[in-house]
Each structure stands twice: as C-alpha cells, then as structure tokens.
Amino acid sequence: MSIQPDNRFVDVEPWSDTADLSAPERAEFDAPAYALVWRKFRRHKLGLVSGLFLLFCYLILPVAGFVAPYTANERSADHLYHPPQNINLWHNGTFIGPYVYATTAVADLENYRWRYETDTSTPMPLKFFCEGARYNIAGFIPSDTHLVCAPTGATIFLWGSDRLGRDVFSRILYGAQLSLTVGIIGITVSFILGIFFGAMAGYFGGKTDWTINRAIEILRSLPELPLWLALSAAVPSNWGPVAVFFIISIILGILDWPGLARAVRAKFLSLREEEYVRAAEMMGAKPSRVIRRHLLPNFMSHLIASATLSIPAMILGETALSFLGLGLRAPAVSWGVMLNDAQNLASIEIYPWTAIPMLPIIVVVLAFNFLGDGLRASLDPYNS
Amino acid sequence: MPLLDVSSLTIGFGKSDPVVQNVSFSVESGETLALVGESGSGKTLTCRSVMRILPATAQLRGGQINFSHDGVTQDLLKAPERQIRALRGSRISMIFQEPMRSLSPLHRIGNQVAEVLHLHQSISAADARQRVLAQFERVGFADPARAWSSYPFEMSGGMRQRAMIAMAMISKPDLLIADEPTTALDVTTQAQVLGLIKDLQAETGMSVILVTHDLGVVANMADQVVVMNKGRVMEAGSAKAVLGAPAHGYTKKLFAAAPMIPAVAAPARTMPHGDLILDIRNVTKTFALRTSGWRPPALITACRNVDLKLPRGKTLAVVGESGSGKTTCAQIALGAITPDAGGEVLFTPNAGEAPLQVHAMSKTQRRSFQRDAQMVFQDPYSSLSPRMRVQDALMEPAEIHRIGTRTQRREKAVEMIRMVGLSPDMLPRYPHAFSGGQRQRLSIARALTLDPKLLVCDEPTSALDVSVQDQILGLLEDIRDEAGLSYLFISHDLAVVARIADEVAVMRAGVIVEQAPPDTLFYNPQHPYTRALIAAQPEPDISRPIDLDLVAKGAGSPADWPEMFRFKDETAPALRELEPGHMVRCHA
C-alpha cells in the first residue's frame, strides 16, 4: 500500500498486463456438459439415492425369477392367505443361520378364516442356490436355480400369500417386470411423438404450429380417465398378456405426448432466438441439421428431466387400469393386477398383507419424482 | 466522520480465493464516489454488500461497513436484518442496471414508487400520491399523472430508469447506490439520466456510489474514484488526480482502451464509390404488428428509403440507437429479411462480376452467397452452442457446405484460431470455460472459416469490457487488412465506429439522417441528432463535461428538431449532399 502526496492510494503489488489470451477463464467449467451436470447432480443427495435405488430396481428385473423364491403363479393350496413369516437366525440361544418354522393351516370356523399354527420346536434352515420351479432369465434363458427356496415341508412367505396361496413377495418381483417397464415403453412412445410434433411446431411456426397446437388442445380437452377406460376396454379379450401389455403402454404414451410436445415447443421457441441457432441458419444449415445439431443437444437434458417426472404417471396409470380390471389381466402379474385382489375392504382388514403391493408403487413413484427433481435442479450447470 | 466507511471488506465463494479482497474506501456526505472496474472486478459485490443483498452462497470473510446517520454509526454487516430493512429504501437506496427487469410488470409505476413511502412511514394514500407525482415531475416526466398509471412495459428504457430513480429518491436517501445505471441505455439517454442524477444530488445533498466500467461516465460524475481489478483496489483518490494523471498500470490501460471521439482538424476525403461489394438500394421494410381484437394489424416501418453503398475492402458503419432500424438493415443485407417491393440489395462477390440480387437468388447462388457473406453476432455468450466443442463449432461451416475432408477442416480450424490470436489448445474445450472476449474471438474465427468476402458485424463489441473491446476492434482491423474483407459494421457507439469505419451512416427513426466519412462527421456535424450523439459521448476527461443542451436538442423526436431538419411520420426530407461525400437529411 502506498499513499501518494495528493492523498491518493496506489496498489504497490507488481501488476502485469500479460494475460494469457488462451487460458480458460473459468477453469471449473472446462468439461463437457454432462460432466458438469453430473457434478451438480451428485450434490443432490435425495435425487442421487433415488437414482441408485431405481437403477438397482431395473437391474433386478431380468433376474427377478432368480431372486424370487417362488414363480408368479406357483400355488400352495395348503397355505391360502398365509400371513408374513419371519426369518430367524438363532434357535434356543444357538446360531443356526437363516431358518423358518413350519406352519399348518387350521380352519377357524368361528371367524370363518384360516389360521396358521407355527411349530416352533424344529427350525428348518433355508436352502440357497437351490432348484425350484422353472422360470426364464430375462424372458428367454430357462433356469431353475433360485437364490433361496423354502425347506421341504415348510414355506417362505416373506410378505404372506394371497387368496390362491401364491407368494406376495415373489409376485411383487414378477409384477415389477411389467409395472416398471410399462412406464419406459409409454415414455418412449410419448417422447417420439412429443419431440416430433413439438419440434415441428416450435421450429416452423406459423400454420404448422397452429394446427399442432389445436390438435394438442383437442386431445387435452378429452377427459383422460374415461378415455383410458374406453381404449383399454376396446382391447380384444382374447389377446395374450404380452400383446395387452404393449397396447396398454402405447395407449398411455399416446395420451401423454401432448404435454411433452408443449414443453418441447416452448423450449424450441426460446432456443430458436439464441444466436448460435441464427448463426447456423445464416451459414446455410438445413432445418434438420439445426434441429439435430443445435437444438436437440441443448434441450435434451430438460427432456430427460421432464420424462423422468412423467414416468410415475404412467406407472400409476397402468396400476389404475389394472386395478379396475381393464388393464393387464391374469395370468399376467403386475402391481395393479395384484391390487385387484385387494379391492375388497373386508379382505384387507382380515388379510392386510394383500395390500402390500401398494408399497413398491409408492416408493418407486416417489423415487422417480426425487430423481426428476434432482435432474431438473442440475440442468443448468453454468450457474454455480 | 464520513457517511459510509468501508474498511478491508473481503468476500469469497466456497473454498476459493476471495473475489473481493481488502477493499476500503469512504464516502463523504454529498460526494459522488465511482467504483470503476471491468466485469469480474468485484465492484458489484462490493456495492451490494452495503445493501446486504449478496448472493446466498457468498461468504463475508471480513471487514466493516460503517454507516453514519442521525448521529449514530452502525456496522451494516453486523446489524440485525430488521434494522437493515429500515435503512433500505429510506436511508440507502439502489438503482439497478437493467430497467427492463427491475420494475414489476404487473403493477402501475405509481403504486410501485408509492410502496417505498408506505413501507417506511405511515402516510395516507393521497399524500403519497402527491409526493410521488412531485417526484415524477422532478425526474422529468412530462405528464406525471400519466406516468403514475402506466405499466413498465408502456415505457422506454430511459423512462423506466427515470421511474427507478424516482423510486430510489422518493424518501430522500442519504446514499444512492447506482449499479451501472446507464449501461443498458443509448448514449443520448445515458447523458440525460446522468444529468438527472447530478441535478437531484445537487438538490438533496445525498451521496452517490456509482458503479461503472466507463471512465467517461466517471469523468462526468465523480468526485472520488476507486479503480478495482480482480477484487482488489488498484488506485483510489480524487477524480481530478486519478483521471488527470493515472498512476497505476491498470488505470493507464483502462484509459488507453477507452473509446474516444477524436478531435479532427480537417474533413476527410470522400470515399470512392467505384467497385461496390454491397449496394443497398432504396430499401424499405414494414412490419405488420398484431393488434388486439379484430382490428387490422398496425404497420411499423423499421427502415425507410435506405441507400447504402459499401466499396470493396472498406468498412461502412451504421450508427443509431435501439429501434433506429440499423439491425433490420443488416438483416436485409444478408438476405435474412426480404425488403418491401421497390428495394433491392446487390452483392458483387468479385470485382468485375455481374452483381447478384440478394433477395432473388437461385439455390446455388444462395449457397455461394452464404459462404461469401458472414455475420458476427452481438452476444458472445449466446453465439456459440454450449454443447459443441470449440473445434466442432469452427468446423461446422465447412461441414454445412461440404468443403474438404475432416483433416482439412481441422487444419482450417487451427489456422483460424491462430488468426484470431488464440492457441489451438482451445479446440477440444467447451465455450463456457471462456470469457466474453475469448468467445467473441471464436465467433469471429467461425465466421472466417469459409473465407468470406463480406462480414456483417452486429454490435460485436457492445457486450464486452472496454479493454477487451479495444483488442477485438484491433483484431477486426488486422483481419480486414490481411484478408481484404469488407465490413458492414452496426453499432450504437460513435466512438467505436470512429476507429474502424471508412464511412458512417447515422440512423434515427428508420431513416439515415447524416452520412459521411467519420472525420468529416466529427469535423463538421450538421444534423442535430449527430451533434447530440457526439455531445453525449462521455469522455474520460473531467474538463470536457457532456453538453446536455446539445443532447436534448437532437435526441428528442424528429418533430422537435430545428425547422430545417424537422419531419413527422412519412414526410422525411431528402438526403442532400452538402459537400462532396457528406449527406444530410434536411429541407433545402
């Protein structure tokens, strides 16, 4: 510091004017956009945990049959409405590894229901990597090895059994295969339609924009639930479960795209005004090139976030349709189909575990919402 | 005891080094202190910490800000939120840079200004209205009652900034903080707003902290100057001392870069109009504005009867305020907008060839025109796609036109990036890591990859700091001479244009009002609007204050100009050649 005679302050530290013209000014941004988004998303703990959880859920889908002790439609006629069982480790003070007790059904003629008596004298250890009923890994590789099976003479109903004596836990795993993929297929359909129409409307404007907008408005003015019901009811009842599944997901997608198309259009309208888009146009780039190289990469992240937020709606849609008996039908297993059995309040009161499929629905929907929220918060990585 | 005393203020973000470091200054009552610096110098953070409106992630790492009022001294950094609220708007008030965004669009101007009064004192609605109207009159609203019931979108930028000033002044603060109050305004409006702040200050005796990057503004306003760079004070002292004889290297550098209108001893020779690369003939463009209800659309004439001739290898500048039609002209010249019938644009890529009609080209002609004519945009932050690496952006033009192989395109990109003074190390990086100046260089490099003949520059330096602006202008000059380019240069700043242009056309209200080589224009400005532009240019010299009378005379509407130049609506007089190469729009 120095104070000059005329009461002026002049910094005395050496100062030079030789700035490196090519050095990045904000070195922390010297990375591709996805790396910056990831850097920001990583700090969003709830979103990160939800994302990992969903990743785990989807990774488990192809090997659901291996994890589940039973197959989806394997019945145990002696164990109808069996309550959830505990897995124990210690018996009379000695460690003997995971085991269950055998149970026997007793007809309770007073309340007119099944009661189960547990034989606590003999622990029956669980079998691991054992042979059980046949299933297909990822739908086409036959196998009969299960992670865990019930010991002979006992059962393993972690979350109880339903009215036909099927294991609720195993069915939830099988149901996830349909319930979780319905959202993905539906969102793909909705994505393709939404991007196509939204991009046309936003980029070309004028008459195209007008027509697409009016079509969207008409579609959105139709009452959604009755439309779902009508379309699903129109699916021929003699179609196989897989065909019904695909048609349901496509119906969900077709009804979802207008919202996405609007988001795409709005984003396009604002991105169009960016100077790099005008620069490309003035250099002679064709519309398809401008859309592909400049517009799409710049709003893909927004789309992914909004897609993540609309998958839950699809999952809930499928569940609602199946719950009402208009979606998937037995023998297909989905969470909605399982809840179909829990329609009766009386049965929920006596056998509360039949309503357990609600839990995964709630958890997965919440996880998608948290993930989408986290993604949305980290979309714009350039403001710290 | 000074009114405001800031001592060793230090502010930082996260774990990194402080962005404001040991800043100290004090403001005496009635005095104007200018905080000068380029973007990233920490001047805005410093003044915001006085109001305690720092971003949530900023950490105050030390220092004191003592504010004395009514015989009490308070440390603003430690005072409870409640006391700060009582000071904000009543004892200390602030004007922001962007008048478009600092007023609520859903409230009438009058209500917004009156709100300040209701917040700080109990006052009846009628009294508040009366005081606001009086204040409106003082800040120069011709019809205060109308201003009271207007919404912000009904007003121009200058009027909104006046409303902001009225809001800041209504409770007679001791200290006014003005954060780049005129950066978003045209020069003539800037001069008037600065004059207004000065008048109000003389009237009320308040102190002003003026944050700015423009030494010219400082020279016109400040008593004390604090020059900041990278968060540190470089030089501080009285305006007379600092501006008269800058002692620090950085201050000297800012001075050297400040654009100035040169003092000219003699008019320039006429520019020969022989071999034209671009010839804009009698171009008029009318836009239809949608109106409410079933009424027919309103017609807005963006530019009228524009004739511009750009000789090969020269620079033609079009100067005017926002809304003068200069950008429309540029877009018409590039074929992005079609002019109304009767106008035409002729482009002659090589000397001696037959001219091409820009708005009636075949597909192949259009493709070659798109190679020969390129554009440099105004905002370096939006002209490069954030998702494309620098090399992809530089290779894109050649890719669109299918020129060369990938290796050749890459070599060209390397050559271009060297040509604009950058290193090829930047190629694999993303543009968001770079500063505005670096990005502007990159977008110039992109425009040059196709070896164009004509470059249209749409305010290429108006978003940049002065020292960077200086470098970019130098670069543009070098490239023009090296590659034999012709420039159509659009700008709102006469001083910038003075440096680079061979001929200047001054536009106002959609017509060219005066056209001449810059030296002729500065030697003998004829039109009142040109004179106002020249007079309004703030110069970093305290002995040459802005002549507000001259500004007011020319900057008003064309209907208020002196008899000889006056016109209304469509009845503009013809451009007359007063002397060779000097055209003025006036009655005979």
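The values are calculated or read from the model by the stated rules, or taken from the named source; none is laboratory data. A quick note: this is a predicted structure, and the numbers were derived from the prediction, not measured. Counting neighbours? That spans all protein chains shown, and the Cβs are built from the backbone with ideal geometry, glycine included. Heads up: the accessible areas ignore ligands, DNA and RNA and are worked out on the full protein's heavy atoms, side chains in. Shrake-Rupley method; radii C 1.70, N 1.55, O 1.52, S 1.80 Å.
B:His107 satisfies every condition listed in (1) of a type outside the set (Ser, Thr, Tyr); (2) surrounded by fewer than 19 Cβ atoms within 10 Å (Cβ to Cβ); (3) not in a loop (DSSP other than H, G, I, E, B) except (3).
Among residues of region B:312-338 that are within 14 Å of chain A (Cβ to nearest Cβ), those with a Cβ under 7 angstrom from a residue that is part of a loop (DSSP other than H, G, I, E, B) and buried (at least 22 other Cβ atoms within 10 Å of the Cβ), sequence gap 6+ or separate chain, pair up as B:Ile332/B:Pro339; B:Gly335/B:Val358. For region B:38-64, a residue qualifies if it is open to solvent by less than 60 Å² (accessible area, probe 1.4 Å), under 29 Å from B:Lys252 (Cβ atoms) and out of contact with any Phe, Trp or Tyr (no Cβ under 9 Å at 6 or more places or on another chain), and the qualifying residues are B:Glu38, B:Ser41, B:Gly42, B:Lys43, B:Thr44, B:Leu45, B:Cys47, B:Ser49, B:Gly63.
Against the definition (within 14 Å of chain A (Cβ to nearest Cβ) and open to solvent by 20 Å² or more (accessible area, probe 1.4 Å)), how does B:Pro246 come out, yes or no? Against the criterion (within 14 Å of chain A (Cβ to nearest Cβ) and open to solvent by 20 Å² or more (accessible area, probe 1.4 Å)), B:Pro246 qualifies.
Here is the figure for region B:15-49: residues that are closer than 27 Å to B:Ala463 by Cβ and either of a type outside the set (Asp, Glu) or touching a His at 6+ places or on another chain (Cβ under 7 Å) (or both) total 24.
Of the residues in region B:157-173, at least one is open to solvent by 20 Å² or more (accessible area, probe 1.4 Å), over 25 Å from B:Gly323 (Cα atoms) and touching a residue at least 40 places away in the same chain (Cβ under 8 Å). Kindly establish whether A:Pro151 is modelled with pLDDT under 85 and farther than 30 Å from A:Leu309 by Cβ. Criteria met by A:Pro151.
Residue count for region B:122-144 satisfying the condition of being on the phi < 0 side of the Ramachandran plot and in contact (Cβ under 8 Å) with a residue 40 or more places away in the chain: 2. Screening the candidates B:Glu503, B:Glu477, B:Glu482 for the property of being surrounded by fewer than 24 Cβ atoms within 10 Å (Cβ to Cβ), among the charged types (D, E, K, R) and farther than 30 Å from B:Asn229 by Cα yields one hit, B:Glu482. Among the criteria (1) in contact (Cβ under 8 Å) with a residue 40 or more places away in the chain; (2) open to solvent by less than 10 Å² (accessible area, probe 1.4 Å); (3) of a type in the set (Val, Ile, Thr); (4) farther than 30 Å from B:Met583 by Cβ, the one B:Ile277 does not fulfil is (4).
If I filter region A:287-297 for residues that are in the same structural domain as A:Leu326 (by TED's automatic domain parsing) and under 30 Å from A:Leu227 (Cα atoms), do I get at least one hit? No, there is no match, as no residue in region A:287-297 is in the same structural domain as A:Leu326 (by TED's automatic domain parsing) and under 30 Å from A:Leu227 (Cα atoms).
Let's see how each residue does on (1) among the polar types (S, T, N, Q); (2) more than 24 Å from B:Leu185 (Cα to Cα):
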position	(1), (2)
B:Trp294	no, yes
B:Cys303	no, no
B:Leu316	no, no
B:Ser322	yes, no
B:Thr328	yes, no
B:Gly352	no, yes
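Okay, residues lined up against (1) more than 27 Å from B:Ala86 (Cα to Cα); (2) over 24 Å from the mean Cα position of the chain (by Cα); (3) within 14 Å of chain A (Cβ to nearest Cβ):
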position: B:Phe153; (1), (2), (3): yes, no, no
position: B:Leu176; (1), (2), (3): no, no, no
position: B:Thr182; (1), (2), (3): yes, no, no
position: B:Val187; (1), (2), (3): yes, no, no
position: B:Val211; (1), (2), (3): no, no, no
position: B:Ala219; (1), (2), (3): yes, no, no
position: B:Val226; (1), (2), (3): yes, no, yes
position: B:Ile261; (1), (2), (3): yes, no, no
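Within the set B:Ala351, B:Ala341, B:Ala333, B:Ala398, the sole residue that is of a type outside the set (Val, Ile, Thr) and in contact with a strand residue (DSSP E or B) (Cβ under 8 Å, 6 or more places away or on another chain) turns out to be B:Ala333. Would you pick out the residues in region B:230-256 that are under 17 Å from B:His213 (Cα atoms) and touching a residue at least 60 places away in the same chain (Cβ under 8 Å)? Passing the criteria: B:Lys230, B:Gly231, B:Arg232, B:Val233, B:Ala236, B:Ala239, B:Leu243, B:Lys253, B:Leu254, B:Phe255, B:Ala256. Every condition in (1) crowded, with 16+ Cβ neighbours inside 10 Å; (2) out of contact with any Phe, Trp or Tyr (no Cβ under 7 Å at 6 or more places or on another chain) is met by B:Val19 except one, and the failing one is (2).
With the structure loaded, tell me whether B:Gly110 is on the phi > 0 side of the Ramachandran plot, out of contact with any strand residue (DSSP E or B) (no Cβ under 6 Å at 6 or more places or on another chain) and not charged (D, E, K, R) or whether it fails that test. Considered against the rule, which asks whether it is on the phi > 0 side of the Ramachandran plot, out of contact with any strand residue (DSSP E or B) (no Cβ under 6 Å at 6 or more places or on another chain) and not charged (D, E, K, R), B:Gly110 comes out as no.
Count of region B:532-571 residues, restricted to those that are among the aromatic types (Phe, Trp, Tyr) and open to solvent by 70 Å² or more (accessible area, probe 1.4 Å), is 0. At least 2 residues being buried (at least 19 other Cβ atoms within 10 Å of the Cβ), within 11 Å of chain B (Cβ to nearest Cβ) and in contact with a Ser or Thr (Cβ under 9 Å, 6 or more places away or on another chain) is the threshold, and among the helices (runs of 4 or more DSSP H) wholly inside region A:1-102 those reaching it are A:33-41. Using beta carbons and a limit of 6 Å, which pairs, at least six apart or on different chains, have the first residue in region A:89-107 and over 15 Å from A:Ala150 (Cα atoms) and the second one open to solvent by 70 Å² or more (accessible area, probe 1.4 Å)? Short answer, once both residue conditions are applied: A:Ala105/A:Asp78; A:Ala105/A:Trp114; A:Val106/A:Arg115; A:Val106/A:Glu117. The lone criterion from (1) of a type in the set (Phe, Trp, Tyr); (2) touching a strand residue (DSSP E or B) at 6+ places or on another chain (Cβ under 8 Å); (3) exposed (fewer than 11 other Cβ atoms within 10 Å of the Cβ) left unmet by A:Trp114 is number (3).
For region B:296-321, the set of residues classified as more than 12 Å from B:Val511 (Cβ to Cβ) and not hydrophobic (A, V, I, L, M, F, W, C) consists of B:Pro296, B:Pro297, B:Lys309, B:Pro311, B:Arg312, B:Gly313, B:Lys314, B:Thr315, B:Glu321, listed by residue number.
Candidates are the residues of region B:44-74 that are in contact with a Leu (Cβ under 9 Å, 6 or more places away or on another chain) and part of a loop (DSSP other than H, G, I, E, B); the one that is farthest from B:Gly30 (Cα to Cα) is B:Pro55. Looking across region B:310-345 at every residue that is in contact with a Cys (Cβ under 9 Å, 6 or more places away or on another chain), of a type in the set (Val, Ile, Thr) and part of a helix (DSSP H, G or I), the one that is surrounded by the fewest Cβ atoms within 10 Å (Cβ to Cβ) is identified as B:Thr328.
Residues checked against (1) touching a Pro at 6+ places or on another chain (Cβ under 9 Å); (2) charged (D, E, K, R); (3) farther than 12 Å from B:Arg508 by Cα; (4) not in a loop (DSSP other than H, G, I, E, B):
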{"site": "B:Ser543", "(1), (2), (3), (4)": "no, no, yes, no"}
{"site": "B:Val551", "(1), (2), (3), (4)": "no, no, yes, yes"}
{"site": "B:Gly554", "(1), (2), (3), (4)": "yes, no, no, yes"}
{"site": "B:Arg576", "(1), (2), (3), (4)": "no, yes, yes, yes"}
{"site": "B:Ala588", "(1), (2), (3), (4)": "yes, no, yes, no"}
